[in-house]
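J.: Before I ask anything, here is the structure I am working with.
The values are calculated or read from the model by the stated rules, or taken from the named source; none is laboratory data. The structure displayed is predicted, hence computed values, not measured ones. When we count neighbours, we look across all protein chains shown, and the Cβ atoms used for this are built from the backbone with ideal geometry, even at glycine.
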Amino acid sequence: MTNFTSKNEKLNQWVQEVSKMCTPDNIYWCNGTKEEYDKLMNLMVSTNSAIPLNKRKNSFLFRSTPSDVARVEDRTYISTEDQSEAGPTNNWLKPSELKATMKNLYNGCMKGRTMYVIPFSMGPIGSPLAKIGIEITDSPYVVCNMHIMTRVGTKVLEVLGKDGEFIPCLHSIGAPLEPGQKDVSWPCAPMEKKYISHFPAENLIWSYGSGYGGNALLGKKCLALRIASVMAKREGWMAEHMLILRLTSPEGRQYHIAAAFPSACGKTNLAMMQPTIPGWKCECVGDDISWMKVKSDGRLYAINPEAGFFGVAPGTSYNSNPMAMDSLKENCIFTNCALTDDGDIWWEGMDGAPPKHAIDWKGNDWSPDKKDVAAHANARFTAPAAQCPVICKDWENPEGVPIDIFVFGGRRASVVPLVHQAYNWDHGVFLGATAASETTAANIGSIGNLRRDPFAMKPFCGYNMGDYFQHWIDMGDRLGDKAPKIFYVNWFRKTESGRWLWPGFGDNSRALKWMCDRVDGKAGALETPIGFLPRISDINLEGLSISNDDILELLKVDSSLWKLEVQDIEAHFAQFGNRFPDRLKKQLEQLKSRLG
Ligand code: OXD
Ligand code: MN
């Protein structure tokens with residue numbers, strides 16, 4: 001039984017094909033209305049998979065099964081005819097092989113369930129930078145999350161029209177129900193049957209077996225990064241794992257910054273940061289993904305293709321990110337957080353004392369004396385972006401915002417200074433290509449536990465990363481003197497004894513202000529082997545209680561440590577073989593000779 005068909009024959013045909021393969025009991029086309037959202041939430045409350053929260057209006061808690069709690073990079077594939085198209089950073093299988101395996105899994109996989117057809121737009125509907133996707137899923141949890149994270153509904157089908165292009169995104173939790181079989185609260189398939197597959201040649205996404213986050217909300221990492229990165233390369237634009245923010249100076253000058261950091265480096269916190277420098281204002285355009293296009297004035301304009309935040313909950317507090325906390329008061333979905341006795345959510349790192357008793361993310365009694373955490377480390381909130389008190393008034397501007405500054409960074413206890421500026425575009429691409437983060441607490445001076453995560457795109461680049469570096473170089477050539485200036489930051493420096501050297505959060509505005517001043521030619525800098533660094537006098541430290549020694553340490557370039565770093569960078573670059581751009585090789589040689 002189906003409630004609808006579209007005017008787009010290609011879409012109708014695809015929906016029919018999928019339904020023949022997956023054999024759902026019903027087909028339901030989503031219209032994106034509040035009534036639809038409420039109806040599905042009520043359905044999930046009635047089946048005990050959603051728990052309504054007393055303390056937050058129209059908000060619900062979900063608990064996943066312990067085997068389905070995060071993106072599964074091991075089970076994520078870029079499937080191209082030739083492995084060299086996927087490159088050394090992606091899992092690869094030939095499309096014929098992967099499709100045969102997955103078709104077997106998809107056969108009859110929606111039995112006993114409803115198949116939802118979700119028309120969604122990444123980017124403001126009708127924006128020249130937006131793309132239309134259609135997600136087919138058998139998970140009502142996915143439908144509700146997509147309502148928040150993307151623009152869903154009939155309007156999208158109107159824009160699609162009879163012959164518009166769409167990106168087909170097929171998702172199944174992989175848990176068919178036999179007649180009379182009782183459902184569980186978080187159905188999914190075992191790990192060895194999970195597949196998150198991308199077929200870039202067809203702009204096609206097939207996901208099977210997981211209901212969680214980026215594995216299942218296919219508009220986000222799958223479409224807006226992996227498939228979009230390939231489209232962007234083909235079509236001459238950029239799809240990046242970047243937050244977008246607007247800084248406004250006391251004089252009213254606006255600067256737009258796009259910044260890429262690996263997971264666990266405080267991206268959502270920076271996107272909503274409140275500057276401690278008097279008179280400066282920060283507004284959030286997006287916290288995770290940026291799509292950028294060169295416009296007729298020769299500048300690069302960015303949109304946030306998403307409509308919500310899918311943020312990591314633990315560690316989020318009024319101290320670390322008050323604007324995120326204020327975004328979470330109503331209309332939110334919480335996944336794998338703890339439930340308090342008065343019907344609210346809680347997670348480690350939230351303000352105040354922990355509750356004396358709660359139900360943990362696994363559904364068990366919890367108290368602070370328990371050794372297990374109450375909320376899973378990857379517990380999430382799904383919140384409408386429009387609820388953020390500092391959402392930029394232009395966040396839905398279909399034309400986007402002009403980018404002045406790119407920032408890369410990672411979590412490094414040592415070696416990398418607080419902030420430095422690339423000498424030129426190619427050097428900036430080099431900084432992006434060498435971006436790295438520590439996965440565990442670092443030994444000072446050691447670079448053994450580093451994960452190189454170029455442009456924070458290692459898990460999200462849908463093609464050969466060597467070609468992706470070249471795409472960045474090509475974009476710089478096109479942008480010429482209109483190209484954004486490129487910087488590298490490290491908020492995470494520590495002393496030998498493990499003390500943080502930099503306060504972070506709102507004080508990060510001090511580094512951002514230096515960048516803005518550099519763009520305007522107003523701030524000085526020191527030429528060092530690794531790039532331009534601010535001198536103490538170049539950076540606004542008013543009102544900050546930090547010792548001179550600490551600042552000197554934060555702005556130090558230790559050539560002997562950088563020589564070790566260079567060895568690690570050489571090994572990292574070697575994996576890209578003959579796809580590695582000559583112009584980045586030259587950057588490496590230049591760095592080496594500057595280090596002496
Ligand atoms: C995310 C990630 O979930 O980068 O945004 O892992
Ligand atoms: Mn991300």
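J.: Of all the residues that make up segment 445-504, how many are in contact with a strand residue (DSSP E or B) (Cβ under 7 Å, 6 or more places away or on another chain) and among the β-branched types (Val, Ile, Thr)?
T.: 2
J.: Kindly indicate which of Thr248, Thr268 is of a type in the set (Ser, Thr, Tyr) and more than 16 Å from ligand 2 (Cβ to nearest atom).
T.: Numbers: Thr268 fails: more than 16 Å from ligand 2 (Cβ to nearest atom).
It is Thr248.
J.: Restricting to segment 192-220, give me the number of residues that are touching a Lys or Arg at 6+ places or on another chain (Cβ under 7 Å) and of a type outside the set (Phe, Trp, Tyr). Show your work before the answer.
T.: Of the residues in segment 192-220, the ones touching a Lys or Arg at 6+ places or on another chain (Cβ under 7 Å) are 194-196, 198, 208-210, 213-215.
Next, only the ones that are of a type outside the set (Phe, Trp, Tyr) stay: 194, 196, 198, 209-210, 213-215.
Result for segment 192-220: 8.
J.: Can you name the residue in segment 448-483 that is within 16 Å of ligand 1 (Cβ to nearest atom) and either touching a Ser or Thr at 6+ places or on another chain (Cβ under 6 Å) or in a loop (DSSP other than H, G, I, E, B) (or both) and, of all such residues, is farthest from Arg412 (Cα to Cα)?
T.: Going through the qualifying residues, I end up with Gly462.
J.: Contact list please: Cβ distance under 8 Å, first residue in segment 321-333 and assigned by TED's automatic domain parsing to the domain that holds Phe505, second residue in a loop (DSSP other than H, G, I, E, B) and aromatic (Phe, Trp, Tyr), pairs at least six apart or on different chains.
T.: Final answer for the pair search is none.
J.: Next up: Consider Pro278 against the criteria (1) more than 15 Å from ligand 2 (Cβ to nearest atom); (2) of a type outside the set (Lys, Arg); (3) assigned to a loop (DSSP other than H, G, I, E, B); (4) under 17 Å from Phe406 (Cα atoms): it satisfies all of them except one. Which criterion is unmet?
T.: Result: Pro278 passes all but (4).
J.: Return the total of residues in segment 402-419 being within 19 Å of the chain's Cα centre (by Cα) and outside any loop (DSSP other than H, G, I, E, B).
T.: Going residue by residue through segment 402-419, those that are within 19 Å of the chain's Cα centre (by Cα) are 403, 405-411.
If we keep only those that are outside any loop (DSSP other than H, G, I, E, B) too, we end up with 405-409.
Going through segment 402-419 one residue at a time, the tally reaches 5.
J.: Check segment 420-431 and report whether any residue there is in contact (Cβ under 8 Å) with a residue 24 or more places away in the chain and under 18 Å from the mean Cα position of the chain (by Cα). Can you show your working first?
T.: Taking segment 420-431 as the starting set, the residues that turn out to be in contact (Cβ under 8 Å) with a residue 24 or more places away in the chain are 420-423, 425-431.
If we keep only those that are under 18 Å from the mean Cα position of the chain (by Cα) too, we end up with none.
No, segment 420-431 contains no residue that is in contact (Cβ under 8 Å) with a residue 24 or more places away in the chain and under 18 Å from the mean Cα position of the chain (by Cα).
J.: Would you confirm whether or not segment 178-188 contains a residue that is closer than 28 Å to Glu81 by Cα and either assigned by TED's automatic domain parsing to the domain that holds Glu97 or in contact (Cβ under 8 Å) with a residue 40 or more places away in the chain (or both)?
T.: Here is the first cut: in segment 178-188, the ones closer than 28 Å to Glu81 by Cα are none.
Scanning segment 178-188 turns up no residue that is closer than 28 Å to Glu81 by Cα and either assigned by TED's automatic domain parsing to the domain that holds Glu97 or in contact (Cβ under 8 Å) with a residue 40 or more places away in the chain (or both).
J.: Residue check: is Asp297 within 28 Å of Pro66 (Cβ to Cβ) and over 22 Å from the mean Cα position of the chain (by Cα)?
T.: Numbers: within 28 Å of Pro66 (Cβ to Cβ): no; over 22 Å from the mean Cα position of the chain (by Cα): yes.
Judged against the criteria, Asp297 is not a match.
J.: Return a yes/no flag: does segment 440-448 have any residue that is at pLDDT 95 or above and of a type in the set (A, V, I, L, M, F, W, C). Can you show your working first?
T.: The initial filter retains those residues of segment 440-448 that are at pLDDT 95 or above, namely none.
No - not one qualifying residue is present in segment 440-448.
J.: Continuing with the same structure: Tell me which of these Asn3 doesn't satisfy, since it passes every other one: (1) surrounded by fewer than 19 Cβ atoms within 10 Å (Cβ to Cβ); (2) more than 12 Å from Met115 (Cα to Cα).
T.: Tallying (1) surrounded by fewer than 19 Cβ atoms within 10 Å (Cβ to Cβ); (2) more than 12 Å from Met115 (Cα to Cα), Asn3 fails exactly one: (2).
J.: I would also like to ask the following. Being among the hydrophobic types (A, V, I, L, M, F, W, C) and away from ligand 2 (no atom under 16 Å from the Cβ) is the filter here; which residues of segment 290-328 pass it? Talk me through it step by step, then tell me what you get.
T.: Step one: filter segment 290-328 for residues among the hydrophobic types (A, V, I, L, M, F, W, C), giving 291-292, 294, 300, 302-303, 307, 309-310, 312-313, 323-325, 328.
Of everything in segment 290-328, those that are among the hydrophobic types (A, V, I, L, M, F, W, C) and away from ligand 2 (no atom under 16 Å from the Cβ) turn out to be Met292, Val294, Leu300, Ile303, Met323, Met325, Leu328.
J.: Kindly indicate whether any position in segment 405-428 is crowded, with 18+ Cβ neighbours inside 10 Å, β-branched (Val, Ile, Thr), out of contact with any Lys or Arg (no Cβ under 6 Å at 6 or more places or on another chain) and more than 25 Å from Val312 (Cβ to Cβ).
T.: Yes, segment 405-428 contains a residue that is crowded, with 18+ Cβ neighbours inside 10 Å, β-branched (Val, Ile, Thr), out of contact with any Lys or Arg (no Cβ under 6 Å at 6 or more places or on another chain) and more than 25 Å from Val312 (Cβ to Cβ).
J.: Find the helices (runs of 4 or more DSSP H) located wholly in segment 203-274 whose residues include 2 or more that are away from ligand 1 (no atom under 12 Å from the Cβ), and list them.
T.: 228-235, 267-271
J.: So, one more: Within segment 484-596, which strands (runs of 3 or more DSSP E) (wholly inside it) include 1 or more residues that are closer than 30 Å to Gly87 by Cα?
T.: Numbers: elements: 485-489, 526-528, 531-533.
Because the criterion is at least 1 residues that are closer than 30 Å to Gly87 by Cα, the strands (runs of 3 or more DSSP E) in segment 484-596 that meet it are 485-489, 531-533.
J.: Can you list the strands (runs of 3 or more DSSP E) found entirely within segment 283-373 that contain at least 1 residues being under 30 Å from Leu129 (Cα atoms) and within 16 Å of ligand 1 (Cβ to nearest atom)? Spell out the reasoning first.
T.: Working: elements: 290-294, 300-303, 308-312, 333-335, 338-340.
The qualifying strands (runs of 3 or more DSSP E) are 290-294, 308-312, 333-335.
Here's the yes/no breakdown for (1) assigned by TED's automatic domain parsing to the domain that holds Asn578; (2) touching a Gly at 6+ places or on another chain (Cβ under 6 Å); (3) within 27 Å of Asp582 (Cα to Cα):
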{"site": "Gly428", "(1), (2), (3)": "yes, no, yes"}
{"site": "Pro459", "(1), (2), (3)": "yes, no, yes"}
{"site": "Lys482", "(1), (2), (3)": "yes, yes, yes"}
{"site": "Lys485", "(1), (2), (3)": "yes, no, yes"}
{"site": "Glu496", "(1), (2), (3)": "yes, no, no"}
{"site": "Pro503", "(1), (2), (3)": "yes, no, no"}
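J.: Hey, among the residues in segment 53-104 that are of a type in the set (Val, Ile, Thr) and under 19 Å from the mean Cα position of the chain (by Cα), which one's farthest from ligand 2 (Cβ to nearest atom)? Can you show your working first?
T.: Start the filter on segment 53-104 by keeping residues that are of a type in the set (Val, Ile, Thr), which leaves 65, 69, 72, 76, 78, 80, 89, 101.
Of the ones still in play, those that are also under 19 Å from the mean Cα position of the chain (by Cα) are 69, 72, 76, 78, 89.
On the way: Val69: 16, Val72: 15, Thr76: 14, Ile78: 18, Thr89: 16 Å.
Here the residue is Ile78.
J.: Can you tell me which residue among Ala259, Ala228 is of a type in the set (Gly, Ala, Ser), within 13 Å of ligand 2 (Cβ to nearest atom) and surrounded by 24 or more Cβ atoms within 10 Å (Cβ to Cβ)?
T.: On the way: Ala228 fails: within 13 Å of ligand 2 (Cβ to nearest atom).
Going through Ala259, Ala228 in turn, just one is of a type in the set (Gly, Ala, Ser), within 13 Å of ligand 2 (Cβ to nearest atom) and surrounded by 24 or more Cβ atoms within 10 Å (Cβ to Cβ): Ala259.
J.: So which residues in segment 43-57 are exposed (fewer than 15 other Cβ atoms within 10 Å of the Cβ), over 14 Å from Asp342 (Cα atoms) and not β-branched (Val, Ile, Thr), if there are any at all?
T.: Leu43, Ser46, Asn48
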